[in-house]
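Beneath this line is the structure, given in structure tokens, with notes to follow.
The values are calculated or read from the model by the stated rules, or taken from the named source; none is laboratory data. Every value quoted in this text rests on a predicted model; they were computed, and no experiment measured them. Ideal geometry is used to build each Cβ from the backbone, glycine not excepted, and the neighbour counts take in all protein chains shown. All accessible areas refer to the heavy atoms of the entire protein, side chains included, with ligands and DNA or RNA removed. Shrake-Rupley method; radii C 1.70, N 1.55, O 1.52, S 1.80 Å.
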Amino acid sequence: MLLFRRIVFYLFLTVFLIGAPLIVFYALGYIYKPGEEKGIVKTGVVYLSSAPPGATIYVGKRRYYEKTPATIRELLAGEYPIKLVLKDYIPWIQSVSVEQGKATVLDKILLRPRKKNMTRLTERRYQRLIPIALTEYLLLERGTALGQMEVYSWEKDVTWPMLPKSVLSKAKVTKVYTEEDSPYAILRAADKGGERYLWTKLSKEREKAQDITDLFVEKPDKIDWPPGQSRYLFSFHGNYLNRLDLDSMTVMPKFAEQIQGYGFSARELYVLQGEDTFARVDFAGKSVKSLMKDSSLFQILFGADDFFSIHVFSDDLILFLGDDGKLVTNRLPYELVERGVLGFDIEKREQRLVIWTQDSLGVIDFSSDVKRGDIFQRGPQLRWVYKEGRDIKDAFWVYQDAYILFQDRNDVFLLELETLGNPNLYELLAVKKHAPVHYVEKTGRLYYLDEKSGRLASLEVVPKQALIDIPLPRTEEERKEKKVQGL
Amino acid sequence: MFQYSRQYLKGKELLRERLFETLPGLTSWTLLVGLFLISFWKPVLAAVVIILFDFYWLLRLFYLTLFLALSFLRLYVEEQTDWMGRIKKIDRLVEGRDRPSHQPSRWRWRQEISNWICSREVQKLEESGLPPPSSKDIYHLVIIPMVKEARKIVEPGIESHLKGSFPPENIIVVLAVEERAQEEVKRSAMELQEEYRSCFYDFLVTIHPENLPGEAGVKGANAAFAAKKADEYFASKKIPVANVIVSCFDADTVVDKNYFACLTYSFMVCPHRNRASFQPIPVYHNNIWNVPGFARVLEMGASFFQLTEATQPDKLVTFSSHSMSFKALKDVGYWPVDMVSDDSAIFWKAYLYFEGDYRAIPMYVTLSMDVADAGSWWKTSMNVYKQKRRWAWGVENFPIVMRGFLNSKKLPLYQKLRLAVKLFEGHIAWATWPLILVVIGWLPAFFAAQEFSSTVLYYTAPRISALIFNFASLSLVTTIVVSLCLLPKKKVKHSFFRKTLHAFEWLLIPVVAVFFSALPALDAQTRLMLGKYMEFWVTEKRKAK
């Protein structure tokens, strides 16, 4: 037994000494290719993941046994045409380059169905759709009367009248004020008695709308309020802000003066003030912190006459969007776009921003500030990915940061960024004229008014199984309210 | 003369002791923390190291499984060996009557193999020129230390000595009771003595006084005291100690019916019988079906380890209940009185005392003990954890053995290195391998930064690991088959379905290996490293109602 054991031991030792380096080399991508100059070559891999999964993979003419998600190994360096084929879906074709020892990753490939997955959501027809970002609500207008305003919840898939029937139901709605991430709205309606401002909660279990007309001594240019709270409103008049307290129904006039721009975080108001002040103020008006001490930089960035809306994403990422489309950030090099920006959407996880002008889409990457080996910091990089628009109205990140969905006039397109060359453009559908659309990443669906019928409908853009479902807690808005009330 | 103890050390010896006490724990922690940090800082390097480790582990697993299967086969072969018949044949050889011959079997292949092995052993005995005493003159001293055990724990073991094929008239049983034991325990010992005295050659009860100088509260001290008393007994009865085989059993140990016969045969056929220990295969069948699945898997694993160890007798070390020459025990000064791991310590003590002229002889016969059951699942887990930690405390032998090797002039360097490496590597593997395989192996992918996740290695490493684990499942299947064959068959109250379900319990290995093998071992090594020596904790045992 001892001798046998010794023999087996040396046999296994030999297997290890020979096998171990071979395994390591294979793991690093080396293979033996007969016929090649040197025989041993370093290969690369391509990782493919599609939504939906299970697509057959073709690399050139060769069909692979694996289906997506899959890793294609032992590829020599070079360009490969890759095709993904799945029943009932349009084949996805792209040329992919492979480098030695590297993995080319295409992990967010959206396969487009041959037959679009559209769902009609209402029977009624609407004239306008008003999305409220970061909430479950869409506002729908059947007509101009107050009683013709409805709310649709994409989470519950239910529609209800915005306000209960009342004497004001026939009043004409002249303006609707909404706020991102807020389940409230203000309606400015006119009837024989004059103009009224009505503050209402959008949820189905809402109480009666609150008439807050008395808080408006003069007509405001804008009305805004901080996300997730329902006590304070801020009305902008020319160059000052009034603070309206809905609990006590009082107004603090000229809460902030000489305003050149403002915006909110959950707890504070950010203002551009005077000609050299960028500050942060709590809603009680007591704590004021100056955030910028360089008046010359202030002048360079913001000028004297332009008005900026301020968007606070985090302590280290604030964006300023001027009325003329100038886009400024608090990160170097500060000025991102000189003019023309109409709006933007942020993909928070990857720290990427999509901006649109009338005819172009651009992507700004905040995450790749510094690359190893670089001595000079580069700051956020703007890349124009599409320049052939006609009248771009809105854009959304789709499937994290792999696609951009945008509305150009009455057409909706999907721009694929997950390519190794130029982005691919796909036309999705046409929608009702002058009606905005809204994309919800949580459901992977686009909400719009049907081009012909005006009915509310939705289109599946990203299959459900591809989405990571992180359900919002139902008490989210209550939690935020409580937080703010603690101020 | 080298003292096998860490007490009363001074100067260079004390420094050496602390250095070697630190080494296993330090190595284990360095390995684990190092791999963790490399996974974070250099994921490519970590992934390569882990692939190499996985491959090494796979080959080692195949290697061990092969010898597990062979060892189990040997156990199976010897299951029906007529050991008493063999003993008689050796007696005839000693008496010079006729050379033992074996009846060729026409249809029993097991017997053929067993006979062949026996022939070789007898041939070696003849060539050695060291004839054994007659079996009539061989006595068995069975020492059973007791401190908390109730009568119902101890009695089945005593009964098993009676039911064996070896005549109990040559067995002396000693119940070694601690003075600190409760009166109930002492009373039980006396009752057992009263009841069974007439069945054996003799049945003694010793009371080990507390707080003797130089002694810790360890089983070895109690056993050593009983052995000294037995030595006096043998002197009074004029029984030569060279003819005595001592077995130190746990209180719950139940021997196989062939145990003493096999032991006697092994003693007789071993030319250097008074420089030898005899190691059976421990199994935990007393209550194996009454404990949680994870405990079952764990104890089967312990049995398997001993089965594989039995295939390399040149490196075999005694473990748990075992037997040895009483003369050797007496010569080396009995079991250490200040060490928890008396089972392995006595082997090393003897090995160093006899300057390497000492061996452990594997015996292919089983003895059964209890799984550390405590009633509830949680309590059993704690019991099992503590028991495994106590087993892992065998690492306390490492520094003493190393000092012994450094002090020894006669032991060849190669031999010292071989044994030191095996001892050291065994403890390190015990504490680290499950953690590397189950936890750390996945960290490079978990921590993968952009730089790593865009390499080929990031995508091939999981595939290679998966392939290795798939191959390892072949070993798992073999293990499951062996475990099903090894499980007790006589208890028919559990259905075939239940036994088959046991096969799926082996899927608990990753969890069991981490929480009840690696962590207790790491715990023990860390305590030794920090100088927090363990008190002896008597494992709670219950009998199923």
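Considering every residue within the stretch B:314-331, establish whether at least one is part of a loop (DSSP other than H, G, I, E, B) and out of contact with any Ser or Thr (no Cβ under 9 Å at 6 or more places or on another chain). Scanning the stretch B:314-331, I find no residue that is part of a loop (DSSP other than H, G, I, E, B) and out of contact with any Ser or Thr (no Cβ under 9 Å at 6 or more places or on another chain), so the answer is no.
Among the conditions (1) more than 28 Å from B:Lys148 (Cβ to Cβ); (2) assigned to a helix (DSSP H, G or I); (3) touching a strand residue (DSSP E or B) at 6+ places or on another chain (Cβ under 7 Å); (4) among the hydrophobic types (A, V, I, L, M, F, W, C), B:Met268 misses just one, which is (3). Would you mind stating whether A:Phe9 is open to solvent by 70 Å² or more (accessible area, probe 1.4 Å), at the interface with another protein chain (Cβ under 9 Å from one of its Cβ atoms) and assigned to a helix (DSSP H, G or I)? In short, yes.
All of B:Gly129, B:Gly164 fail the test of being over 24 Å from the mean Cα position of the chain (by Cα) and closer than 22 Å to B:Ile87 by Cβ, apart from B:Gly129. Listed here are the strands (runs of 3 or more DSSP E) enclosed by the stretch A:279-396 that have at least 3 residues being of a type in the set (Val, Ile, Thr) and in contact with a Phe, Trp or Tyr (Cβ under 6 Å, 6 or more places away or on another chain), and there are none.
Checking each residue in the stretch A:121-155 for being open to solvent by less than 70 Å² (accessible area, probe 1.4 Å), more than 17 Å from A:Ser458 (Cβ to Cβ) and assigned to a loop (DSSP other than H, G, I, E, B) picks out only A:Gly143.
Every condition in (1) closer than 15 Å to A:Trp225 by Cα; (2) part of a strand (DSSP E or B) is met by A:Gln260 except one, and the failing one is (1). Of all residues in the stretch B:233-253, those being open to solvent by 10 Å² or more (accessible area, probe 1.4 Å), charged (D, E, K, R) and touching a residue at least 24 places away in the same chain (Cβ under 8 Å) number 1.
Residues in the stretch B:350-382 that are in a helix (DSSP H, G or I), open to solvent by 30 Å² or more (accessible area, probe 1.4 Å) and either modelled with pLDDT of 95 or more or not charged (D, E, K, R) (or both): how many? Count: 4.
Okay, residues lined up against (1) within 14 Å of chain A (Cβ to nearest Cβ); (2) closer than 26 Å to B:Trp393 by Cβ:
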{"residue": "B:Trp29", "(1), (2)": "no, yes"}
{"residue": "B:Val33", "(1), (2)": "no, yes"}
{"residue": "B:Ser39", "(1), (2)": "no, no"}
{"residue": "B:Pro43", "(1), (2)": "yes, no"}
{"residue": "B:Val49", "(1), (2)": "yes, no"}
{"residue": "B:Leu66", "(1), (2)": "yes, no"}
{"residue": "B:Phe72", "(1), (2)": "yes, no"}
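Filter the stretch B:428-472 for residues that are in a helix (DSSP H, G or I), of a type in the set (A, V, I, L, M) and more than 14 Å from every other protein chain (Cβ to nearest Cβ) and give the result. Quick ask: steps written out before the conclusion?
Quick first cut of the stretch B:428-472, residues in a helix (DSSP H, G or I) only: B:428-438, B:440-446, B:450-453, B:456-472.
If we keep only those that are of a type in the set (A, V, I, L, M) too, we end up with B:428-429, B:431, B:435-438, B:440, B:443, B:445, B:456-457, B:461, B:464, B:466-468, B:472.
Residues satisfying the conditions are B:Ile428, B:Ala429, B:Ala431, B:Leu435, B:Ile436, B:Leu437, B:Val438, B:Ile440, B:Leu443, B:Ala472.
Taking strands (runs of 3 or more DSSP E) as the structural unit, those lying wholly within the stretch A:32-84 and holding at least 3 residues that are within 14 Å of another protein chain (Cβ to nearest Cβ), surrounded by 12 or more Cβ atoms within 10 Å (Cβ to Cβ) and not basic (Lys, Arg) correspond to A:44-51, A:70-75.
Please tell me if A:Val158 is within 27 Å of the chain's Cα centre (by Cα), away from chain B (no Cβ under 14 Å) and open to solvent by 40 Å² or more (accessible area, probe 1.4 Å). It is true that A:Val158 is within 27 Å of the chain's Cα centre (by Cα), away from chain B (no Cβ under 14 Å) and open to solvent by 40 Å² or more (accessible area, probe 1.4 Å).
With the requirement that a residue be open to solvent by 30 Å² or more (accessible area, probe 1.4 Å) and assigned to a loop (DSSP other than H, G, I, E, B), what does the stretch A:103-120 give you? Selection gives A:Arg112, A:Arg114, A:Lys115, A:Lys116, A:Asn117. The selection criterion, being open to solvent by less than 20 Å² (accessible area, probe 1.4 Å) and without any contact (Cβ under 8 Å) to a residue 24 or more places away in the chain, holds for A:Val341.
Checking each residue in the stretch A:12-30 for being facing another protein chain (nearest Cβ under 7 Å) and outside any helix (DSSP H, G or I) picks out A:Leu28, A:Gly29. Between B:Glu169, B:Glu178, B:Glu191, B:Glu159, the distinction of being over 30 Å from B:Tyr265 (Cβ atoms) and open to solvent by 50 Å² or more (accessible area, probe 1.4 Å) belongs to B:Glu191 only. The conditions of being open to solvent by 50 Å² or more (accessible area, probe 1.4 Å) and in contact (Cβ under 8 Å) with a residue 40 or more places away in the chain are met by B:Tyr201.
Among the residues of the stretch A:201-220, are any hydroxyl-bearing (Ser, Thr, Tyr), part of a strand (DSSP E or B) and closer than 30 Å to A:Val312 by Cβ? Checked against the condition, which is being hydroxyl-bearing (Ser, Thr, Tyr), part of a strand (DSSP E or B) and closer than 30 Å to A:Val312 by Cβ, the stretch A:201-220 yields no hits at all. The sole residue among A:Gln94, A:Gln100 that is outside any strand (DSSP E or B) and open to solvent by 10 Å² or more (accessible area, probe 1.4 Å) is A:Gln100. State whether the residues of the stretch B:254-274 include one that is within 14 Å of chain A (Cβ to nearest Cβ), open to solvent by less than 10 Å² (accessible area, probe 1.4 Å) and closer than 22 Å to B:Phe354 by Cα. No, that holds for no residue. Screening A:Gly101 on (1) more than 14 Å from chain B (Cβ to nearest Cβ); (2) modelled with pLDDT under 90 shows it passes everything except condition (1).
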